[in-house]
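Below is one structure, written out as structure tokens, with a few remarks after it.
The values are calculated or read from the model by the stated rules, or taken from the named source; none is laboratory data. All values reported here derive from a predicted model rather than from experimental measurement. Glycine gets a Cβ as well: all are built from the backbone with ideal geometry, and neighbour counts include every protein chain shown. When the accessible area is computed, the model is the full protein with side chains, heavy atoms only, and any ligands, DNA or RNA have been set aside. Shrake-Rupley method; radii C 1.70, N 1.55, O 1.52, S 1.80 Å.
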Amino acid sequence: MTVINARFKLNYGDFTLDVDLALPSTGVSVLFGHSGSGKTTLLRCIAGLEQAQQGYLEINGAVWQDSERKIFLSTYKRPLGYVFQEANLFSHLSVLDNLHYGLKRVKNNLGMIKLNQTIDLLGIGHLLARMPSNLSGGERQRVAIARALALNPEILLMDEPLASLDIKRKQEILPYLARLHQQLDIPVIYVTHSQQEVAQLADTLVILEEGCVLASGSLAETQSRLDLPLAQDREAATVWQVIISEHENDYHLTRVEFEGGSLSLAAVDAEIGTMLRVQIYARDVSISLVEPNSTSILNILPAVISQLTEESDSQAVVQLRVGQQLLLAHITSKSLVLLRLKVGISVFVQIKGTSILN
Amino acid sequence: MLSSADLDTLLLTFKVAAIATTIMLLIGTPLAWWLSRTNSSLKGVINAIVALPLVLPPTVLGFYLLVLMGPTGIIGQFTQWLGIGTLSFTFYGLVLGSVLYSMPFVVQPLQSSFAMIGKQSLEAAATLRASPLDSFFTVVMPLAKPGFITAAILGFTHTVGEFGVVMMIGGNIPNKTRVVSVQIYNHVEALEYADAHWLAGCLLLFSFTVLLVLYTQIKTSPMAQPFK
């Protein structure tokens, strides 16, 4: 399962990167951290744009760097696709020629049929004849993504592809990224500092701080780890993978299932069987010792408390298991004491709100 | 009217300028690329050497070249060892002098247009499987096109107009080293003002036309216009 092994030690005087990572061969691995945490430097080391003094990088069994054996594959020899923060299109080439630039240089490229599918997937068919200077920021970034995919790379690296866009353009591009997420069968390493992008795209989450890996694991596990700052954040949330099982048209609701239970959501316009990512904010979850039966809240689920924070201030964080899913709840420390909540006891959670991510 | 001798000098001048410009572009391109990318401590020295002809009196440059190309000079000994004699008072001596004299006019516009091409474009090319040489030809050269045009035009016109260096190393040999600027001088010396007018007028028209094209057609890169 693990096919990406990356160990890098790099020193720039005031900044040190020291990571040892193993990432899965499928899905999106998000490198998450504040600016200066080293996430972009790590990605550039993987691409070979930066050469760590000490490094070992193995992708799908191929060694791209091994400083002990003096192996360092130049970027242009690495079968990767890279999307920069700024789209970095060639300003002297049309959109189509930009797409062809890499394609021409790769033997097992995507081929014209699949390139056309990628062009459709990213909605850039009407832009092919234009020059990059006549594109909006969002369009440029979509072209850059298509240009990287046209190479038919073994791995796709994306460095904050949405960071330079305003909120409206971000919203315009995110659905395309979500679609890519479902259709790509290569690993993607995605750098961001946005929790929203983490929630929407990540399968694996790597949290970086000051050049070191603070945590690394599946999104659900990492999101709900109480020893990480993420769980304490006001925006703390967990993301569940669910499947549409039923539409309750009378009430404009959709029922979805997950391993060990089901939820009601506001009506989703999608077929039964469709996979969804649902985000539940910790602040929208409350805990009850008995099953509440006269409440307006629809989503009441049995749960078991799996972890608690010590009550150090007014707010406590509780990690629960609902079936196989992990859930976070932010409650007051006072409630924690009054309800005598302990690890291992069975409770009911009330979920006040959910948001659908794709 | 232009006499046939005048026409010969014009032809010779353009021949020197064309060959010198070609050589300057071939040498100047890698040199300018290196200067625009390097952090080497040699950068300052090389920059200064390249720019020297901008401030040095042409006769000084010509004098040193004359000495160096002479039978006892380094260049002279080298060319004699090659079996081609000395270069002073020859066509190729003139080309060599022109190359050194006009080099800054080629290197500087190239250097500034290379510097404007960010690291990002080259990194993008590398992630798209282009080797450094490949990306130089397919990304750098097209993006630096205004710089190349400016460099070629300035190098060429500056060579056409040189006088001091020619007088020192080329002399005044018809059909070998007698270029337009020298011919104009000859006409004036002989009080043939009408002939001097014709030739001077030709050069004035030529220079003005070239600059007009340069400033009206090349709008892409303001950096490529060093005199703006």
Task: Selection within segment A:99-116 - open to solvent by less than 10 Å² (accessible area, probe 1.4 Å) and more than 9 Å from every other protein chain (Cβ to nearest Cβ) - done: A:Leu99, A:Leu115
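Suppose we filter B:Gly155, B:Gly164, B:Gly171 for residues that are at positive phi and touching a residue at least 40 places away in the same chain (Cβ under 8 Å); which single one remains?
B:Gly171
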Task: Matching option when the condition is closer than 22 Å to A:Arg169 by Cα, within 14 Å of chain B (Cβ to nearest Cβ) and at pLDDT 90 or above, among A:Ile124, A:Ile145, A:Ile119 - done: A:Ile145
Task: Residue ranges of helices (runs of 4 or more DSSP H) in segment B:74-143 with at least 2 members within 14 Å of chain A (Cβ to nearest Cβ) - done: B:91-116, B:119-127, B:132-135
Open item on the list: Among the residues of segment A:279-301, are any in a loop (DSSP other than H, G, I, E, B), in the same structural domain as A:Arg255 (by TED's automatic domain parsing), out of contact with any strand residue (DSSP E or B) (no Cβ under 6 Å at 6 or more places or on another chain) and charged (D, E, K, R)?
Closed with: no
Open item on the list: Given (1) touching a strand residue (DSSP E or B) at 6+ places or on another chain (Cβ under 8 Å); (2) open to solvent by less than 10 Å² (accessible area, probe 1.4 Å), identify the lone condition not met by A:Gly217.
Closed with: (2)
- [ ] Test A:Gly344 against the stated conditions and say whether it is open to solvent by less than 60 Å² (accessible area, probe 1.4 Å), closer than 25 Å to A:Leu228 by Cα and touching an Asp or Glu at 6+ places or on another chain (Cβ under 7 Å).
- [x] no
TODO: Hey, can you tell me all the residues within segment A:19-47 that are under 17 Å from A:Ile155 (Cβ atoms), within 14 Å of another protein chain (Cβ to nearest Cβ) and open to solvent by 10 Å² or more (accessible area, probe 1.4 Å)?
DONE: A:Thr40, A:Arg44
TODO: Considering only segment A:54-76, state which residues are surrounded by fewer than 17 Cβ atoms within 10 Å (Cβ to Cβ) and within 8 Å of chain B (Cβ to nearest Cβ).
DONE: A:Ser74
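Applying the selection to segment B:174-218, what residues are part of a loop (DSSP other than H, G, I, E, B), open to solvent by 60 Å² or more (accessible area, probe 1.4 Å) and closer than 16 Å to B:Thr9 by Cβ?
B:Pro174, B:Asn175, B:Lys176, B:Glu192
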Open item on the list: Among the residues of segment A:266-296, what is the count of those that are closer than 22 Å to A:His330 by Cβ, open to solvent by less than 30 Å² (accessible area, probe 1.4 Å) and among the hydrophobic types (A, V, I, L, M, F, W, C)?
Closed with: 5
- [ ] Mind listing whichever residues of segment B:158-170 are more than 8 Å from the chain's Cα centre (by Cα) and either of a type in the set (Asp, Glu) or part of a helix (DSSP H, G or I) (or both)?
- [x] B:Val160, B:Glu162, B:Gly164, B:Val165, B:Val166, B:Met167, B:Met168, B:Ile169
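Taking the criterion of being open to solvent by 60 Å² or more (accessible area, probe 1.4 Å), aliphatic (A, V, I, L, M) and more than 14 Å from every other protein chain (Cβ to nearest Cβ), would at least one residue in segment B:65-72 satisfy it?
yes
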Task: Residue match in segment A:65-80 (condition: more than 21 Å from B:Asp134 (Cβ to Cβ), in contact (Cβ under 8 Å) with a residue 40 or more places away in the chain and polar (S, T, N, Q)) - done: no
TODO: Please work out which residue is least open to solvent (accessible area, probe 1.4 Å), limiting yourself to segment A:233-265 and to residues that are out of contact with any strand residue (DSSP E or B) (no Cβ under 6 Å at 6 or more places or on another chain) and touching a residue at least 60 places away in the same chain (Cβ under 8 Å).
DONE: A:Gly260
